[in-house]
Amino acid sequence: MSLRIVVCVKYVPDATGDRHFADDLTVDRDDVDGLLSELDEYAVEQALQIAEEADEAEVTVITVGPEDAKDALRKALSMGADKAVHVEDEDLHGSDVMGTSLVLAKAIEKTGYDVVIAGMASTDGTMGVLPAILAERLGVPQVTLLSEVKIEDGKVIGRRDGDTASEQLEASLPAVVSVTDQSGEARYPSFKGIMAAKKKPVESLELSDLDIEADEVGLEAAWTAVDSATERPARTAGTIVKDEGEGGKQLAEFLASQKFI
Amino acid sequence: MAEILVYVDHVDGAVRKPTLELLTLARRLGEPVAVALGNGAADTAASLAEHGATRVLTADAPEFAEYLVVPKVDALQAAYEAVSPAAVLVPSSAEGKEIAARLAVRIGSGIITDAVDLEAGDEGPVATQSAFAASFTTKSRVSKGTPVITVKPNSAPVEAAPAAGAVETLAVTFSAQATGTKVTARTPRESTGRPELTEAAIVVSGGRGVNGAENFGIIEALADSLGAAVGASRAAVDAGWYPHSNQVGQTGKSVSPQLYIASGISGAIQHRAGMQTSKTIVAINKDAEAPIFDLVDYGVVGDLFDVVPQLTEEVRTRKS
Ligand SMILES: Cc1cc2nc3c(=O)[nH]c(=O)nc-3n(C[C@H](O)[C@H](O)[C@H](O)COP(=O)(O)OP(=O)(O)OC[C@H]3O[C@@H](n4cnc5c(N)ncnc54)[C@H](O)[C@@H]3O)c2cc1C
Ligand SMILES: Nc1ncnc2c1ncn2[C@@H]1O[C@H](COP(=O)(O)O)[C@@H](O)[C@H]1O
């Protein structure tokens, strides 16, 4: 039987752009170029490697996001994923992690899966909790923050490098996995891959296809509220000296003046 | 007075510093009730009491060590149901965030992660967070359910505030999901004897400019002269010169020390994301145009192989 791999990918504002908030204090997605979150490329890469190892496998990439989020799907398809699902609905604007995870969970269930693979965190929200929430919602094991992952005999086996220890983990499928940027560099799409991606199916879903009511998601239904966002004041210009042989001593003088020594 | 549930991060009974900081924040909101799980849970009580915990709920079972995350969620949920707190605070470690997030789904509450400050507000706790690589500061609230908030290390001072700290055993029934992910082996990280990166008052970091694992000794020597922790950029980590556990930045640790010294680090946005909120920033870089210099209080344009050893020498002399 074919191994069904679903990869969660997010379309995010480019981190090297001038990211800011919109008037309603949601992330401004209009003024800054968007792209497939770099951290989700690692998830696509591991999915492709697992698929290559399996006898038979199908990789579906899924995103919840605006029209432009198709770019993220197309990038993942050009890397080698087989098909894509795009959940798009104007009522989704401003959803928080609870809303997004609800939509993803329903869409993943509808798609059918043996393993879900996500990135370690989105590069805009950087919460890093969605995979754990998905596991909770789907009622399947979470095998998250892996720097190494493989699937063998219907099991996910992986290594999680934590704060105080490195752990070897094991869970039966179906399961939710997330991988870190230590899991291995993601491949670049080949020219052939880019051409092939244009013909791969992208299914569009709306909230009504998932039996989700408009008032369950979006900014109004978010379980958290941002009251203000202020730009951090630019740091006051510091002293910069050129080392003419005494740079280390000058630095020590500065540290002493600040009572660090 | 309302009770505030505080999840305790400890290693075999030794409470880690971020939990003591959480108690300081919890006292701004109500009376802290601590929840300590796993091996040595009861041994945490003395330290927690000294820092303001009125009660310490403890549970120990093999499941906490043998399976990932979910047993701890089950226990925290049991504590939540027993206490009916006004808020739940959890340290922002990778595991802490996952525990908090799953609890939030279960109890139908919103979650705020990586707060750097907390204060009481008319509509519940107000959390300060950093966004977009710390270029913005936001204030947010949980608007549904009991606020579940994870807080980063170094967000508040550790304060002595003696309280009863009465130990109570927490009854926990594990859910069907609890044994879903088995921990088949665990290798504890070896201690270097240096301060924890996220807790250190001073962090000395090296990047690609350090140019080799063997040269990291220069960075370590400076760190040791200052009693500092050692950090590294991703470029240095990817090159295999320093362990990933020491990486500072978006996909590494986020640090907020009194003093951050960057050597041979250009200051890419992803690196800044993990150190931009440091109080005083110092950089040594041979490229005067390196973006790290936009952040510094004091910068030396020069070769780190000249400047760092001279600095170390000078620190040692001044200290002795
Ligand atoms: C999704 C994502 C996540 C990332 N996460 C992180 C992260 O968590 N942490 C992180 O650090 N990076 C992260 N990065 C990588 C980041 O973009 C940069 O590539 C990285 O920070 C560069 O490291 P560096 O400054 O050491 O190297 P470089 O950018 O190569 O800079 C080296 C600097 O050293 C200077 N130098 C060289 N020789 C000397 C010398 N002898 N004396 C003095 N100065 C010298 C050079 O002038 C240069 O400025 C991430 C990237 C992505 C896409
Ligand atoms: N809108 C979304 N659509 C698809 N996947 C997402 C979305 N948001 C988050 N994810 C996935 O969840 C991971 C963690 O996200 P977060 O918890 O938001 O930091 C990301 O790396 C993605 O794999």
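The values are calculated or read from the model by the stated rules, or taken from the named source; none is laboratory data. The model shown is predicted, which means the values in this text are computed figures rather than measured ones. Cβ atoms come from the backbone with ideal geometry, glycine included; neighbour counts cover every protein chain shown.
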Of all residues in the stretch B:306-320, which are of a type in the set (A, V, I, L, M) and within 13 Å of ligand 1 (Cβ to nearest atom)? B:Val307, B:Val308, B:Leu311
Only one of (1) within 8 Å of chain A (Cβ to nearest Cβ); (2) surrounded by fewer than 22 Cβ atoms within 10 Å (Cβ to Cβ); (3) β-branched (Val, Ile, Thr) does not apply to B:Thr317, and that is (1)
Kindly check whether there is at least one residue in the stretch B:190-197 that is among the polar types (S, T, N, Q) and within 11 Å of chain A (Cβ to nearest Cβ). yes
Any residue in the stretch A:71-89 that is among the acidic types (Asp, Glu), within 14 Å of another protein chain (Cβ to nearest Cβ) and either farther than 18 Å from A:Tyr42 by Cα or within 16 Å of ligand 1 (Cβ to nearest atom) (or both)? no
Looking only at the stretch A:177-194, which residues are in a loop (DSSP other than H, G, I, E, B) and small (Gly, Ala, Ser)? A:Ser183, A:Gly184, A:Ala186, A:Ser190
Filtering the stretch B:246-266 down to residues that are more than 16 Å from ligand 2 (Cβ to nearest atom) and in contact with a Leu (Cβ under 8 Å, 6 or more places away or on another chain) yields B:Asn246, B:Val248, B:Lys253, B:Val255, B:Leu259, B:Ile261, B:Ser263, B:Gly264
In the list B:Val230, B:Val282, which residue meets the criterion of being under 26 Å from the mean Cα position of the chain (by Cα), at pLDDT 95 or above, within 30 Å of A:Ser122 (Cβ to Cβ) and not small (Gly, Ala, Ser)? B:Val230
Residue by residue through the stretch A:58-75, note down the ones that are closer than 21 Å to A:Glu206 by Cβ and either free of Cβ contacts under 8 Å to residues at least 40 places away in the same chain or among the hydrophobic types (A, V, I, L, M, F, W, C) (or both). A:Val61, A:Ile62, A:Val64, A:Glu67, A:Ala69, A:Ala72, A:Leu73
Looking at (1) of a type in the set (A, V, I, L, M, F, W, C); (2) more than 16 Å from ligand 2 (Cβ to nearest atom); (3) at pLDDT below 95, which one does B:Ala273 not meet, given that it meets all the others? (2)
Name the residues in the stretch A:178-213 that are within 15 Å of ligand 1 (Cβ to nearest atom) and touching a strand residue (DSSP E or B) at 6+ places or on another chain (Cβ under 9 Å), would you? A:Ser178, A:Val179, A:Thr180, A:Asp181, A:Gln182, A:Ser183, A:Gly184
Hits in the stretch B:265-305 - residues which are within 8 Å of ligand 1 (Cβ to nearest atom), surrounded by fewer than 22 Cβ atoms within 10 Å (Cβ to Cβ) and facing another protein chain (nearest Cβ under 10 Å): B:Ala268, B:Ile269, B:Gln270, B:Lys286, B:Asp303
Can you tell me which residue is nearest to ligand 2 (Cβ to nearest atom) among those in the stretch A:129-176 that are in a strand (DSSP E or B) and of a type in the set (S, T, N, Q)? A:Thr144
Scan the stretch A:168-181 residue by residue and report those that are at the interface with chain B (Cβ under 10 Å from one of its Cβ atoms) and surrounded by fewer than 20 Cβ atoms within 10 Å (Cβ to Cβ). A:Gln168, A:Glu170, A:Ser172
Please specify each residue of the stretch B:232-264 satisfying the condition of being within 13 Å of B:Gly274 (Cβ to Cβ), in a strand (DSSP E or B) and within 9 Å of ligand 1 (Cβ to nearest atom). B:Ala232, B:Gln247, B:Val248, B:Lys253, B:Ala262
Yes or no: A:Thr164 without any contact (Cβ under 8 Å) to a residue 12 or more places away in the chain, at the interface with another protein chain (Cβ under 8 Å from one of its Cβ atoms) and among the hydroxyl-bearing types (Ser, Thr, Tyr)? yes
Taking the stretch B:171-189 and keeping only residues that are more than 11 Å from chain A (Cβ to nearest Cβ) and either assigned to a strand (DSSP E or B) or surrounded by 20 or more Cβ atoms within 10 Å (Cβ to Cβ) (or both), one is left with B:Val172
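Yes/no matrix, rows are residues, columns are (1) under 28 Å from A:Glu152 (Cβ atoms); (2) in contact (Cβ under 8 Å) with a residue 12 or more places away in the chain; (3) within 16 Å of ligand 1 (Cβ to nearest atom); (4) within 13 Å of chain B (Cβ to nearest Cβ):
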| site | (1), (2), (3), (4) |
| --- | --- |
| A:Val7 | yes, yes, no, no |
| A:Asp28 | no, yes, no, yes |
| A:Asp40 | yes, yes, yes, yes |
| A:Glu56 | yes, yes, no, no |
Under 30 Å from A:Thr230 (Cβ atoms) and either more than 17 Å from the chain's Cα centre (by Cα) or within 16 Å of ligand 1 (Cβ to nearest atom) (or both): is that true of B:Val126 in this structure? yes
Selected residue [within 16 Å of the chain's Cα centre (by Cα), surrounded by fewer than 21 Cβ atoms within 10 Å (Cβ to Cβ) and not basic (Lys, Arg)] from A:Asp71, A:Asp55: A:Asp71
Name the strands (runs of 3 or more DSSP E) wholly inside the stretch B:62-163 in which the number of residues that are more than 9 Å from every other protein chain (Cβ to nearest Cβ) is 1 or more. B:87-91, B:111-119, B:126-131, B:148-151
Considering only the stretch B:282-303, I want to know if a residue exists there that is in contact with a Phe, Trp or Tyr (Cβ under 8 Å, 6 or more places away or on another chain), more than 16 Å from B:Ala228 (Cβ to Cβ) and small (Gly, Ala, Ser). yes
Out of the residues in the stretch B:211-256 that are farther than 25 Å from B:Pro188 by Cα and in contact with a strand residue (DSSP E or B) (Cβ under 7 Å, 6 or more places away or on another chain), which is farthest from the other protein chains (Cβ to nearest Cβ)? B:Leu222
Among strands (runs of 3 or more DSSP E) entirely inside the stretch A:1-94, those with 1 or more residues being modelled with pLDDT under 95 and under 23 Å from B:Arg272 (Cβ atoms) are A:11-13, A:34-36
Quick check: anything in the stretch A:150-161 within 7 Å of chain B (Cβ to nearest Cβ), closer than 25 Å to B:Ser109 by Cβ and free of Cβ contacts under 8 Å to residues at least 60 places away in the same chain? no
Being farther than 13 Å from B:Arg102 by Cα, away from ligand 2 (no atom under 11 Å from the Cβ) and either of a type in the set (Gly, Ala, Ser) or part of a helix (DSSP H, G or I) (or both), is that true of even one residue in the stretch A:112-128? yes
